[in-house]
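Down below is the structure, laid out as structure tokens.
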Amino acid sequence: MAKSVLVTGGAGYIGSHTVLQLLEGGYSAVVVDNYDNSSAASLQRVKKLAGENGNRLSFHQVDLRDRPALEKIFSETKFDAVIHFAGLKAVGESVEKPLLYYNNNIVGTVTLLEVMAQYGCKNLVFSSSATVYGWPKEVPCTEESPISATNPYGRTKLFIEEICRDVHRSDSEWKIILLRYFNPVGAHPSGYIGEDPLGVPNNLMPYVQQVAVGRRPHLTVFGTDYKTKDGTGVRDYIHVMDLADGHIAALRKLDDLKISCEVYNLGTGNGTSVLEMVAAFEKASGKKIPLVMAGRRPGDAEVVYASTEKAERELNWKAKNGIEEMCRDLWNWASNNPYGYNSSSNGSSS
Amino acid sequence: MMARNVLVSGGAGYIGSHTVLQLLLGGYSVVVVDNLDNSSAVSLQRVKKLAAEHGERLSFHQVDLRDRSALEKIFSETKFDAVIHFAGLKAVGESVEKPLLYYNNNLVGTITLLEVMAQHGCKNLVFSSSATVYGSPKEVPCTEEFPISALNPYGRTKLFIEEICRDVYGSDPEWKIILLRYFNPVGAHPSGDIGEDPRGIPNNLMPFVQQVAVGRRPHLTVFGNDYNTKDGTGVRDYIHVIDLADGHIAALRKLEDCKIGCEVYNLGTGNGTSVLEMVDAFEKASGKKIPLVIAGRRPGDAEVVYASTERAESELNWKAKYGIEEMCRDLWNWASNNPYGYDSSSEDNSH
């Protein structure tokens, strides 16, 4: 029988791509999402893309902090594992509204973990972030590098990692994998699903994409005097399909008897500057991205990229796509859906 | 002048009840919110008696902080000038066994409280942090600038709440927040009517000593006698609970200072006392012999921890008055009159 996986935040960017890979990989997926920063349109498209595998998808509009609603879902299905994406993720907003972040991310996670324990489902894959490496003293970042946080969003990730470690220490039946994402970009090659942030995008590529389709006049580059090849910040961009596959690899790893509470980086191991990324996007799209150079943003690190050794060795997973594929697939999504899931009614009506 | 209104969460507990008494005596009106998970309303009945006519300004609600609608109701009925937030679970060992209980109770309770405070425009907070955030300090005395860390879920709840408070202030400078890092509170009100009454096996030295003295436990186990200290046992900064309570009044006064943002203060005496010295002082005060069993170190226990009291002295104008003799005297006065805590007599439970 197909393994059942509960996916929180499964309607979001990384969630929806992972749900598709889960369905294609033979899993049954139950999505819970409050649609605060996403919409069911992504899941309707996932269902279509998955063809007959789409029958193994169901979704519920539920907030994780709604304990009775969550309990009902656990009482109806025996889950083999939970992949926990749900959480707010905008750094700037978290500085302005820290309690919103602590409530949503921490209270949601504590409630989820309690309900999981109550129903005997103690297998968890959690979406952490490379943000916990702060301003790394050296690169590549290994999973043993010291962790810290410079804003409330980062602290919610850090705190949840600590909570997970404590939960495992208190009860060794738990198997927990903390995945530290680097910088997810791109979209499914079909162009049907992709990133659709509400409001002003917080990350580079969603912003670039909105400039390319004419929704914004230019891209502001924060910091051109970093000690990097061209002065702009360097990050480890990873194709969202590779990231999604990393979750399947993590789920397989949970079958390993020896797993306890483990951390894995999901990155490519390659550092790319802002200007290199923009150039790759211009090539893929044929669009010119007007740039405005600005000063550094407080809290931004200079160079961050992953050591991929542990994930390669223990998860048997390695990113396949480079920045060309990321930009190609991003542009395919963006040009077909200039206003995200609201661009056409066909995705929303089904 | 109208008495200032203070909401005290966890006000039925050990430190809470002593602080409530000092608040009432200091002219404040006090509304206590406590779920009574690890405390008894008897403590507040006794506080009311001790406060005599001031006791009229005390009211109590059995409410859990996570019950948002109940909390909102309390805030809608009274305009609070400040909140002193004691409520929280505090047993290290239990927190290792049941981390989610601690994260839920302490973090979710605090987040809810802060949200309801903001919603009702009450942005003055005194929070009970702990010297536990100094972990195993590399040097002593511990100053407020030391790096902070945590070795167990209980400590992490304190650490996380401190960070949350700093973020809340960072997002809205109307907040005034004082984080008080308690060292080791002991003793009781000199009347012997209120004191510490932990449920189950005590987690801390002196409540355990007190239970040995009244015959509830056969002996005291001393964890570690090979530390690099005067007599080999761990050294801590014990502080009389009345001094600690007064530190909260000093913090409330400080909140009226317009320059305060989110500040941290140690509440300790600045003196380090070893386990054996403390037992000795207690034996002297009580006339009871405390049988000792010496055991190995407990993982996670620091060697020497005591406070730098400079900042609290200069900025709060507060300084501990009592030494370990008074702490042991008042502890014994409470313990001998209430060998089983608030359950010792039925008289208080009946009304």
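Each reported figure results from applying straightforward, stated rules to the coordinates on display, with no laboratory input. All figures in this text were calculated on a predicted structure; none of them were measured in a lab. Glycine gets a Cβ as well: all are built from the backbone with ideal geometry, and neighbour counts include every protein chain shown.
Taking the Cα centre of region A:267-350 as origin, sum charge times position over the Cβ atoms of Lys and Arg (+1) and Asp and Glu (-1), and report the length of that vector in debye to the nearest 20.
With only Lys, Arg, Asp and Glu charged at Cβ, the dipole is about 180 debye.
Treat the count of other C-beta atoms within 10 Å as a stand-in for reagent exposure and order B:Ser344, A:Ser39 from fewest to most.
Sorted ascending by nearby Cβ count, the order is B:Ser344, A:Ser39.
So how far, in whole Å, is the C-alpha centre of region B:5-61 from the one of region B:306-329?
23 Å
Put +1 on the Cβ of each Lys and Arg and -1 on the Cβ of each Asp and Glu in region A:239-305; which of A:Val292, A:Ala279, A:His239 then has its Cα farthest toward the positive end of the dipole?
Result: A:Val292.
Once you have a ≥ b ≥ c as the square roots of the Cα gyration tensor eigenvalues for region A:70-174, tell me rounded if a/c is under 1.5, and otherwise prolate or oblate according to whether a/b is larger than b/c.
Judged from the Cα gyration tensor, region A:70-174 comes out oblate (a/c at least 1.5, b/c at or above a/b).
Calculated from DSSP H runs of 4 or more alone, at -39500 (n - 2.57) each and per residue, what is the 222 nm mean residue ellipticity of chain B, nearest 500?
-10500 deg cm²/dmol
Once a ≥ b ≥ c are taken as the square roots of the eigenvalues of the Cα gyration tensor of the protein assembly as shown, is the result rounded (a/c under 1.5), prolate (a/b larger than b/c) or oblate (a/b not larger than b/c)?
Prolate, since a/c reaches 1.5 and a/b exceeds b/c.
Can you classify region B:148-283 as rounded, prolate or oblate using the Cα gyration tensor, where a ≥ b ≥ c are the square roots of its eigenvalues, rounded means a/c under 1.5, and otherwise it's prolate if a/b beats b/c and oblate if not?
It comes out prolate by the Cα gyration axes.
What do you get for the angle between helix B:275-286 and the principal long axis of chain B? Use alpha-carbon atoms, 0 to 90 degrees, nearest ten.
90 degrees
Applying 1/(1 + (r/R0)^6) with R0 = 60 Å to the Cβ-Cβ distance of A:Leu100 and B:Glu325, what FRET efficiency is obtained, to the nearest 0.05?
Once rounded, the FRET efficiency stands at 0.75.
Give, as a single signed number, the net charge of other residues whose beta carbon lies under 10 Å from the beta carbon of B:Thr143, with Lys and Arg counted +1 and Asp and Glu -1.
Details: positive: B:Arg311; negative: B:Glu139, B:Glu144, B:Glu145, B:Glu310.
Result for the neighbourhood of B:Thr143: -3.
Could you work out how far apart the two model spin labels at B:Ile201 and B:Asn337 are, taking each label as a point 7 Å from the Cα in the direction of the beta carbon, and quote it in nm?
3.1 nm
Report the gain in length on full extension from A:Asp256 to A:Tyr119: 0.36 nm times residue separation, minus Cα-Cα distance, nm rounded to one decimal.
Residue separation times 0.36 nm, minus the Cα-Cα distance, leaves 47.2 nm.
If you place +1 on the Cβ of every Lys and Arg, -1 on the Cβ of every Asp and Glu, and leave all else neutral, what size is the dipole of the protein assembly as shown about its Cα centre, to the nearest 20 Debye?
On the way: 72 positive and 85 negative charges, 194 e Å.
Computed charge dipole of the protein assembly as shown: roughly 920 debye.
Taking the dipole about the Cα centre of the protein assembly as shown, with the C-beta of Lys and Arg at +1 and of Asp and Glu at -1, give me whichever of B:Asn203, B:Gly155, A:Pro140 is farthest to the positive side.
A:Pro140
Among A:Lys89, B:Lys98, A:Lys48, A:Lys227, rank each residue by its count of other Cβ atoms within 10 Å, from fewest to most, as a rough exposure measure.
Lowest count first: A:Lys227, A:Lys48, B:Lys98, A:Lys89.
Can you give the mean number of other chain Cβ atoms that lie within 10 Å of the Cβ atoms in peptide B:100-107?
Across the residues of B:100-107, the mean count of other-chain Cβ atoms within 10 Å is 6.
Calculate how steeply helix A:152-170 sits against the longest principal axis of the alpha-carbon atoms of chain A, using the helix alpha-carbon long axis, and give the answer as 0 to 90 degrees to the nearest 10.
Here the helix axis deviates by roughly 30 degrees.
Please arrange B:Asp343, B:Asp197 by counting, for each residue, the other beta carbons lying within 10 Å of its beta carbon, fewest first.
Ordered from fewest to most neighbouring Cβ atoms within 10 Å, B:Asp343, B:Asp197 come out as B:Asp343, B:Asp197.
For chain B, with only Lys/Arg (+1) and Asp/Glu (-1) charged at the beta-carbon, what is the dipole magnitude about the Cα centre, in debye rounded to 20?
Computed about the Cα centre, the dipole is about 320 debye.
Go through B:Lys73/B:Lys123; A:Lys175/B:Lys98; A:Lys97/A:Lys137 and tell me which ones have a Cα-Cα distance over 24 Å in this structure.
Beyond 24 Å between Cα atoms: A:Lys97/A:Lys137.
Using only Cα atoms, find the angle between the long axis of helix A:240-253 and the longest principal axis of chain A, and express it within 0 to 90 degrees, rounded to the nearest 10.
Around 30 degrees separate the two axes.
What residue among A:Ala212, A:Ala249, B:Asn184 has its Cα farthest toward the positive end of the dipole of the protein assembly as shown, where the charges are +1 on Lys, Arg and -1 on Asp, Glu, each on the Cβ?
A:Ala212
Please give the contour-minus-distance gain from B:His219 to B:Glu315: 0.36 nm per residue of separation, less the Cα-Cα distance, rounded to one decimal in nm.
Answer, rounded to one decimal: 30.4 nm.
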